[in-house]
Amino acid sequence: MGIVAFLILGLIAGAIAKMLLPGAQGGGFFMTMLLGVVGALLGGWLASLIFGIDLGSFFEIRTWLIAIVGSVIVLVIYGFFTRRA
């Protein structure tokens, strides 16, 4: 998968993760893309570590599911660090 496809995957996965979790998450376009890219990397690493599968091509459903689950995990962690008391 090329870098542009990976950035698009990250942007869409990050946006879906923000829609799935309740509450108001900060950040705009760039933060959503960064969240999604880091989430896709984390999801791909965890999927290969736990299940022995990797991120497939751009159009495979497993690639999208792995990226979205990873983005949700990263968004939860991000929320812990940015939440104000």
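The values are calculated or read from the model by the stated rules, or taken from the named source; none is laboratory data. This structure is a prediction, so every number in the text was calculated from the model and none was measured. Cβ coordinates were reconstructed from backbone atoms using ideal geometry, including for glycine residues, and neighbour counts include every protein chain displayed.
Filter the stretch 1-32 down to residues that are farther than 14 Å from Ile68 by Cβ and in contact with a Leu (Cβ under 8 Å, 6 or more places away or on another chain) and give me whichever is surrounded by the fewest Cβ atoms within 10 Å (Cβ to Cβ). The qualifying residue surrounded by the fewest Cβ atoms within 10 Å (Cβ to Cβ) is Phe29. Applying the criterion of being crowded, with 16+ Cβ neighbours inside 10 Å and within 12 Å of Gly23 (Cβ to Cβ) to the residues of the stretch 68-85, the residue that is modelled with the lowest pLDDT is Tyr78. The set of residues in the stretch 35-62 being over 17 Å from Leu20 (Cβ atoms) and of a type outside the set (A, V, I, L, M) consists of Gly44, Trp45, Ser48, Phe51, Gly52, Asp54, Gly56, Ser57, Phe58, Phe59, Glu60, Arg62.
Within the stretch 46-67, the set of residues being surrounded by 14 or more Cβ atoms within 10 Å (Cβ to Cβ) and free of Cβ contacts under 8 Å to residues at least 24 places away in the same chain comprises Ala47, Gly56, Arg62.
Yes/no matrix, rows are residues, columns are (1) farther than 12 Å from Val74 by Cβ; (2) hydroxyl-bearing (Ser, Thr, Tyr):
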position	(1), (2)
Met31	no, no
Leu41	no, no
Phe51	yes, no
Ser57	yes, yes
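Within the stretch 35-67, being at pLDDT below 85 and in contact with a Leu (Cβ under 8 Å, 6 or more places away or on another chain) holds for one residue alone: Phe58.
For the stretch 13-42, the tally of residues that are hydroxyl-bearing (Ser, Thr, Tyr) and outside any helix (DSSP H, G or I) stands at 0. Scanning the stretch 47-64 for residues that are assigned to a helix (DSSP H, G or I) and within 17 Å of Gly14 (Cβ to Cβ) yields Thr63, Trp64.
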